[in-house]
Structure formats: structure tokens, C-alpha cells
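The values are calculated or read from the model by the stated rules, or taken from the named source; none is laboratory data. All figures in this text were calculated on a predicted structure; none of them were measured in a lab. Positions of Cβ are generated from backbone atoms using ideal geometry, with glycine treated the same way; all protein chains shown enter the neighbour counts.
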Ligand code: KG4
Ligand code: ZN
């Protein structure tokens with residue numbers, strides 16, 4: 001079964017063709033980053049307009065690159081939430097029109113479940129059930145992946161996402177949006193034994209699988225401002241970046257391992273844009289070895305937003321019977337536990 005995936009939830013206009021939820025025949029991503037970088041973050045109105053301008057071109061390019069005729073596409077999977085509502089509606093409207101014109105099913109996909117499905121596109125890939133930390137610019141969640149189409153939320157951030165912490169602190173250090181990768185590179189230049197800046201590691205006794213990054217963000221920003229205000233002190237930016245990496249890795253890794261322990265899982269995985277972070281990958285490798293857990297990490301090109309993961313998630317949801325009506329709506333915030341095809345009536 002060939003599925004055309006469409007992703008427009010944030011600042012990537014993406015389309016891909018995936019066969020049977022596993023084989024990527026094509027994956028086209030048009031990144032709007034350069035457009036938003038000058039504003040220091042994503043401007044929703046600009047994102048929606050650019051998606052409108054690009055979506056047909058990107059979808060055509062994906063179909064062509066897959067050497068597939070339009071008539072050979074069996075279904076269209078599209079991200080229907082969560083994300084920027086105008087951006088989501090652009091992709092959803094395009095997908096509805098295409099599904100109607102080609103007379104094929106439309107499958108609504110949850111963006112977080114699509115990040116999980118990125119793991120099914122690589123070999124070897126995890127088999128549910130497993131614990132998955134989904135860490136991106138907009139989300140930080142710890143999931144129990146019960147089956148290919150069902151997840152349960154075990155914990156999440158109470159405020160900012162980890163990627164947001166990276167992007168905002170990188171910005172204070174002078175890096176353009178999105179600064180996560182630059183911060184990763186900067187931290188690599190610090191000596192491993194360099195003294196760390198003290199940063200808070202909040203935890204919640206009543207919800208040990210929840211986490212928080214906004215206090216951490218404020219602490220980093222205050223450290224930068226306070227050090228710069230003192231004439232006799234200079235800021236060691238590499239050491240600060242390494243301190244941020246340590247803190248975020250500790251928070252994510254400890255929750256992931258605890259989730260596996262509490263829910264009796266032997267397999268853990270990571271996904272989302274921040275899954276590209278070299279420190280987090282390294283710390284999870286070390287923790288999985290120390291706790292005798294099997295670990296799956298997506299290849300770097302499948303960590304950030306793309307439509308191949310949407311097509312894969314759509315395939316597994318469709319096997320479970322998911323089909324959208326043409327009245328399907330998009331939702332800016334949405335639990336990954338909901339049945340996407342029946343959310344209109346919520
Ligand atoms: O999944 P994604 O493409 O978009 C969302 O759904 O949010 O994630 C984007 C996030 C950004 O915050 C970006 O800075 C972060 O992923 N990111 C990284 C790295 N590469 C991308 N963060 C830390 N280290 C990296 N190497
Ligand atoms: Zn994402």
C-alpha cells in the first residue's frame with residue numbers, strides 16, 4: 001500500500017511516499033527556517049502562507065521522486081494536530097482535496113504518533129510495546145507505545161519543551177533560530193571535565209514522569225545576563241552549553257528509564273527533533289547498557305519534522321481502521337491518545 005504523507009504542522013512543508021509503512025520511496029522537505037530566523041522564531045501567519053505557496057509543488061516533487069503515478073497512490077495521510085492551526089489547515093485542506101480528487105481514503109495523523117512512527121522506517125526498528133521519549137521544539141512526552149496505533153501518555157513537560165529551552169538559550173548566546181544544533185556543537189568544544197554552571201533539575205514527587213524546563217531556561221538566561229554584567233567575570237559559553245546538555249540529558253534519560261521500570265518494558269526509544277542531540281543519544285546509550293534495556297534511536301534525517309513519518313503513522317492507523325470524513329478538522333492541541341478519525345465530534 002502506497003501512502004502519500006503530508007506534514008505542515010509548523011515550519012516544514014513536507015510530502016513523502018511510503019510503502020506499507022516501512023519503505024520510504026521519497027521524502028521531500030521544504031524548510032522555512034531561513035524565513036523565520038530573522039524573527040527569532042516561527043511566525044504562524046508567515047508559516048501558513050508559505051505552506052500554501054509550497055504544498056502542491058512539494059507533493060508533486062514527492063510523487064515524482066517516488067516514480068509513482070498519482071493513480072497508484074492508495075491513501076493520503078495528513079497531520080491534523082497538534083501544531084499551528086493555520087499551518088495545519090493548509091496541509092489538511094490540500095490533503096482533503098487530493099483525496100477527493102483521487103477518490104482514495106484520507107487518514108488523519110497525530111504529529112506525536114508520527115514522530116514515534118519515524119522509528120518504524122529504520123532497520124532494525126522497535127516492536128511495541130516500548131517506552132518512547134518524544135522530544136522536540138514543541139513537545140516533551142514520555143509514552144508507553146502499546147501497539148503500532150495506540151500510545152499512552154505516562155508523563156510530559158509541565159511548561160516548555162526541551163527544544164524550546166535549547167532554542168531560547170541559544171538565542172541569548174547569539175545563535176539564530178533554531179539554535180539546538182548550534183548549542184550541541186558548542187557543547188562539544190568544552191572539555192569533558194570543565195566545571196559546570198549550577199542549573200536546577202526540578203522533579204515532582206507526585207508525578208515522577210513529568211518534567212519542567214522553564215526554570216532551567218530562566219536560570220540559563222540569568223546566568224548569561226549576570227555574568228555579562230560583572231566586569232571581572234567572563235562567560236564560558238561552551239561550559240554553559242555543556243551544562244545545559246547535562247541537565248536536559250539527565251531529565252530525559254532518568255524519566256525514560258524510570259518509565260521502563262515502572263511499566264515493565266525492556267525496550268526504550270527516542271524520537272522528535274531533539275533526538276538528533278548527540279549528548280542525549282550518548283547518555284541514553286549509556287543508560288540502556290547500564291539498565292539492560294534495548295534502545296532504538298532514529299537516524300538523524302528522520303528526527304526532525306518530515307512527511308515520511310506521517311505516511312508511516314497513517315499506514316498503521318489505517319490498518320486499525322482509521323479513515324477521516326471530509327469534514328475532518330485540525331486541532332492545535334491534542335492528546336496522542338485520541339482517536340484521530342473521531343475527534344470532530346468531541
Ligand atoms: O521535531 P521538530 O523538527 O519540530 C517540532 O515538532 O517541534 O523539532 C525541532 C527542534 C528544535 O527545537 C531544534 O532546535 C531541535 O529540534 N534540534 C536539536 C538538534 N537538532 C534539532 N536540539 C538539540 N540538538 C540538536 N542536534
Ligand atoms: Zn515535530
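Annotations
- Reported count of residues in the range 7-29, each being in a loop (DSSP other than H, G, I, E, B) and under 25 Å from residue 139 (Cα atoms), is 6.
- The C-beta contact set for the range 20-31 (first residue in contact (Cβ under 8 Å) with a residue 40 or more places away in the chain, second residue surrounded by fewer than 19 Cβ atoms within 10 Å (Cβ to Cβ) and outside any loop (DSSP other than H, G, I, E, B), distance under 7 angstrom, 6+ apart or interchain) comprises 25/19; 26/65; 28/61; 28/65.
- The residues on offer are 300, 258, and the sole one that is within 16 Å of ligand 2 (Cβ to nearest atom), surrounded by fewer than 24 Cβ atoms within 10 Å (Cβ to Cβ) and under 29 Å from residue 221 (Cβ atoms) is 300.
- Check on residue 261, under 30 Å from the mean Cα position of the chain (by Cα), more than 16 Å from residue 162 (Cβ to Cβ) and at pLDDT 95 or above: yes
- Considering residues of the range 99-125 that are more than 14 Å from ligand 1 (Cβ to nearest atom) and surrounded by 21 or more Cβ atoms within 10 Å (Cβ to Cβ) only, the residue farthest from the chain's Cα centre (by Cα): 99
- Search result, residues across the range 6-26 that are more than 13 Å from ligand 2 (Cβ to nearest atom) and either within 16 Å of the chain's Cα centre (by Cα) or under 14 Å from residue 60 (Cβ atoms) (or both): 6, 13, 15, 16, 17, 26
- Residues being part of a helix (DSSP H, G or I) and surrounded by 14 or more Cβ atoms within 10 Å (Cβ to Cβ) - total across the range 276-291: 9
- Every listed requirement among (1) touching a helix residue (DSSP H, G or I) at 6+ places or on another chain (Cβ under 8 Å); (2) surrounded by fewer than 20 Cβ atoms within 10 Å (Cβ to Cβ); (3) under 30 Å from residue 258 (Cβ atoms) is met by residue 147 save one, (1).
- Residue count for the range 292-325 satisfying the condition of being part of a loop (DSSP other than H, G, I, E, B), more than 17 Å from residue 111 (Cβ to Cβ), in contact with a helix residue (DSSP H, G or I) (Cβ under 9 Å, 6 or more places away or on another chain) and more than 16 Å from ligand 1 (Cβ to nearest atom): 4.
- Look at the range 271-288: where a residue is touching a residue at least 24 places away in the same chain (Cβ under 8 Å) and on the phi > 0 side of the Ramachandran plot and a partner is within 12 Å of ligand 2 (Cβ to nearest atom) and in a helix (DSSP H, G or I), sitting 6+ places away or on another chain with Cβ atoms under 7 Å, you get 272/115.
- Boolean, residue 183 is touching a residue at least 40 places away in the same chain (Cβ under 8 Å), near ligand 1 (Cβ under 10 Å from one of its atoms) and surrounded by 23 or more Cβ atoms within 10 Å (Cβ to Cβ): yes
- Residue 58 vs. criteria modelled with pLDDT of 95 or more, closer than 15 Å to residue 309 by Cα and either within 16 Å of ligand 2 (Cβ to nearest atom) or not in a loop (DSSP other than H, G, I, E, B) (or both): no
- The listed residue being within 16 Å of ligand 1 (Cβ to nearest atom), under 30 Å from residue 184 (Cβ atoms) and under 15 Å from the mean Cα position of the chain (by Cα), out of 162, 87, 80: 162
- Residue in the range 240-247 that is farther than 21 Å from residue 165 by Cβ and in contact (Cβ under 8 Å) with a residue 40 or more places away in the chain present: no
- In the set (1) within 16 Å of ligand 1 (Cβ to nearest atom); (2) modelled with pLDDT of 95 or more, residue 22 fails one condition alone, (1).
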